[in-house]
Structure formats: C-alpha cells, structure tokens
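The values are calculated or read from the model by the stated rules, or taken from the named source; none is laboratory data. Small disclaimer: the values here were computed from a predicted structure and weren't measured. All Cβ positions, even for glycine, are placed from backbone atoms using ideal geometry, and neighbour counts span all protein chains on display.
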Amino acid sequence: MIISDDQLDAIRETINISAGQSATALSELLGCRVNMEVPEIRFVEINKLGEVLSEETKSFLSFFSNFEKNFSGNIVVAYEENQKEKLVSIVINRYGISVDEENILEEVSNIVFGAFVGGLSNFIGLNITFSPPKKVKVLEELGNISDSVIILGEVLLLPEVNGKIKAKILIIPTRESVSLLLDKLRGLLG
Amino acid sequence: MTRVMIIDDAKFMRTLIKKALEDAGFEVVGEADNGEKAIEVFKEVNPDIVTLDVVMPDKSGIEVLKEILKIKPDVKVIIVSAMGQTDMITEALNLGAKDYVVKPFQPHTLVEVIKRVAQS
C-alpha cells in the first residue's frame, strides 16, 4: 500500500479530530483541562508490531478494544504506570465510588474510546463501534490484523491534574480500513 | 469581498475549509501550517478574518491568537479546533476570538459562523 504525504496528512488530521473528542470527554470525566499533542503516524512491519508496541507502552498500563462494524483494527489507550493511581483517585473522589483500579481504568478507557470512535464516525460518515475495553496482558491479544505493514497512529493526551498525567492513544487500523478511510476523506473534499 | 486567512497544520483541513469558504464567496488570501509562518503570512496578507487551529506543532493557536491580535486588534479570529473543552473555548473567547467551531463540523456550519462574524 503506497500512501502519499497528503493522504498521511489527512489520516493525521482524522486522528487529531477523533482524539480531540477523547480529550474533551476525559476532561469532563476528570474535571480538568486535558491538553493534546499533534498525532504521529508511522508505518510498522507487522512482525515488528509487538516490539514497537512494547516499546511504546513500556511503563504504561494499556487497555484495548477492537473497532467493529464498518471499520477494523485496534485502538489502545495506555496510562503512565507511575501516575495511574492519581487518575484512579480523581475518579474515586469525584464520583464517590469504590471499585478496583482495573474497573475504573476500563471505564475511563471506555469513555476515551467512545469519544474517539464517535468523532471518527461523525467525521467520515461511517457507523463504527468498538468492543468493550480489556486490559492488555500480552501484546499478541492485539489480533485482528493480517496486514504485512500497518499504520500506527499515536497521540498523547495530557490531563492537568497536580502536574500532567500521560495517556497515549494508539490506533492500529487494518489496511482495508485505511483504504476505506482514504476513500471517505477524498469524498469530503468533493 | 471578505478576505480570509486559514491557519491549520493539516493541509487536508486547510483544503476543506478553503473549499467551503470559496464556494460561499469568500476570498482566501493566505494559508499557514504553523505558528511562525502564520505570523509572517498574516502581516503580508492583512486578512479581515482568520480561521485558527489550536493544536499545532511548536506554537499553539492560542499563542498565535495573542500575537496576531497585537498586530491587528480588530482582526476577527474564529478558532477551528478538535479541542472542545469548555475552559479552552472560554479562554480563547476571553483573549479576543470571535467564535469557536469544534471539529468535526459541517462545512455549512463554519460558513454560517464566518458570515455572522464578518457582519458583526
């Protein structure tokens, strides 16, 4: 699959728009500003994916979902390991709930993914859903991908709560979904 | 004819906004893909209205907003950003932006906002 610079730019902007919705949802959930950095797009060989994800999520606790319906691939959100307690305690204190850390982070991930997928669906006009978030135990769980080379989109969300907490969103669409996305983006330009 | 400048790091988004504006009869007089270039182009083309992204590499749209309002206090700036958080919208409006459009948007929505701001 050959992707031009203009197409990469359009994919980056799509991730920016979708992640912007996640930042807004996370901001409402945590009651603080959530800043965001410009997304990065990379091509990764499928046999290097595990290695790249391991490196990217080293010292992060990750949750993933599969895109469903008209889009396929995976979405991952990774929380900085040494800051995750801060995130969890904000949710506990703000909502007065008492559940375990994994359940809270699953729900935070659900909100992040829901907003991302909603933004993506609205922007490209496709009905897209996602499976319930699960904690990533082994990177091989991120199946559903059969391409030899994949695109990895990465965006950093930075909630401002007593300093900044890093949360990364990683997007791993299948080649088929990248083609579909590019068709839809071409359509938007008329 | 109202002269508009588009500042957004994504060429795709600049193309989308330019098409919507030109179809509605606006003249797009300049574009920039980063904050530094935005200031240069802004001084050069002296637009009536600016559409301004927030998340950009190096210099954020908020910094660009402050700088271009120092150069031309009566320029009408409309923020067009994926960041839809209330405090960010409030900050931009308090700093002097005339309106705030959250991405994704329908092209006609942006055109209506720009028309309203142009007439204000």
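General remarks:
- Answer from A:Gly50, A:Gly31 - the residue that is surrounded by fewer than 21 Cβ atoms within 10 Å (Cβ to Cβ) and within 14 Å of another protein chain (Cβ to nearest Cβ): A:Gly31
- Residue that is farthest from A:Ser121 (Cα to Cα), among those in segment A:1-18 that are more than 7 Å from chain B (Cβ to nearest Cβ) and within 18 Å of the chain's Cα centre (by Cα): A:Leu8
- Counting only strands (runs of 3 or more DSSP E) that sit wholly inside segment B:47-105, those with at least 3 residues that are closer than 17 Å to B:Lys37 by Cα are B:49-52.
- A:Arg42 within 14 Å of chain B (Cβ to nearest Cβ) and either without any contact (Cβ under 8 Å) to a residue 12 or more places away in the chain or farther than 16 Å from A:Asn110 by Cβ (or both): no
- Within segment B:88-120, tally of residues that are surrounded by 13 or more Cβ atoms within 10 Å (Cβ to Cβ), within 14 Å of another protein chain (Cβ to nearest Cβ) and farther than 20 Å from B:Ala24 by Cβ: 4
- Test result for B:Met5, hydrophobic (A, V, I, L, M, F, W, C) and modelled with pLDDT of 95 or more: yes
- Only one of A:Phe116, A:Phe60, A:Phe64 that is within 14 Å of the chain's Cα centre (by Cα) and either acidic (Asp, Glu) or over 27 Å from B:Asp58 (Cβ atoms) (or both): A:Phe64
- Within segment B:3-22, restricting attention to residues that are within 11 Å of chain A (Cβ to nearest Cβ) and without any contact (Cβ under 8 Å) to a residue 12 or more places away in the chain, the residue that is surrounded by the most Cβ atoms within 10 Å (Cβ to Cβ) is B:Phe12.
- Residue list for segment A:162-176, restricted to those being over 16 Å from A:Ala19 (Cβ atoms) and either polar (S, T, N, Q) or crowded, with 22+ Cβ neighbours inside 10 Å (or both): A:Asn162, A:Thr174
- Among the residues of segment A:35-91, those identified as small (Gly, Ala, Ser) and outside any strand (DSSP E or B) are A:Gly50, A:Ser54, A:Ser59, A:Ser72, A:Ser89.
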